[in-house]
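Notes to accompany the following structure.
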Amino acid sequence: MSVLFTQVWDIIQGKDYEYSKFIVDTYLPEMAAMGLIPVGGYYMEVGSGPRIFAVFSVNEIEEVLKAIADKRFKDLLQELKAIICNYRSSVLEPTGAVKRGKYTIQKGVWKFNQYYDLRPGVKKAYADFVINEHLPVMSKIGYVEVTGGWNVALGGVSEIIAEFTFKDPMDIGRLLANEEFRKITLKLRNEFAVNYMNRILRSTERFDEPRWFK
């Protein structure tokens, strides 16, 4: 499964046109040329923090470290920072609980992501919970895809991210009202997680298979 490099930011007021042109014409192609393949761009609809999420995929964490140490990346990031603010980045490694192949670009989707840290001393019990209780419940709910479980290896604000994908945003509301999901989430929060929060994201057109992918 892929390793992800994520970046979040806000656009500086009045820089929208300059930002759009730079992202499509320069930033995404240059990131891809450095081996950081864009696989998703999202706008946060519900939650706290910067509003724009950019997601890039590589095969190994060493590829991310090599790319971000390169002068080309540092120069490109400085150009980006002239038109954005509240920048943060993180490196995500798969937990292994979710069986998935290469992380590919996702178009026209919505995300419901859970973010949290683990309580001390619950790592083994948490792993059993995810495999034997959490994933079976999520698989039973037919309108949601468990896209990934991620350990935050570098950066970010949480240790773990659970990523769920929807084609229809109305299904997020259905999930949040689902009794089985509510029970399993309550157990997660009461027994295993601290600093829990969630976000709802929608994919942006800027990252929907740009012309340089074709």
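Considering only GluC sites (Glu not before Pro) in DSSP loops that have at most 16 other Cβ atoms within 10 Å, the longest stretch of the chain without any of them is 61-158. Shown in residue order for region 102-107 are the 3J(HN,Hα) couplings computed by the Karplus curve 6.51 cos²θ - 1.76 cosθ + 1.60 at θ = phi - 60°: 5, 7, 9, 4, 10, 10 Hz (x for Gly and Pro).
Using Cα positions and a limit of under 18 Å, work out the lysines in reach of K167, with same-chain residues fewer than 8 apart set aside. In chain and number order, the partners are K107, K111, K140. Label positions at A32 and T95, each projected 7 Å from the Cα along the C-beta direction, are separated by 3.2 nm. For the chain, what log10 I(q)/I(0) values come out of the Debye formula at q = 0.08, 0.10 1/Å, with one point per alpha carbon and no solvent? So the normalised log intensities are -0.29, -0.45.
For region 24-148, the gyration tensor built on C-alpha atoms gives a prolate shape. Its axis ratio a/c (a ≥ b ≥ c) is at least 1.5, and a/b is the larger of a/b and b/c.
Taken together, the values in this text are just the output of simple stated rules run on the coordinates, not laboratory data. Since the structure is predicted, the reported quantities are computational estimates derived from the model, not experimental observations. Neighbour counts are summed over all protein chains in view; Cβ atoms, including those assigned to glycine, are modelled from backbone coordinates with ideal geometry.
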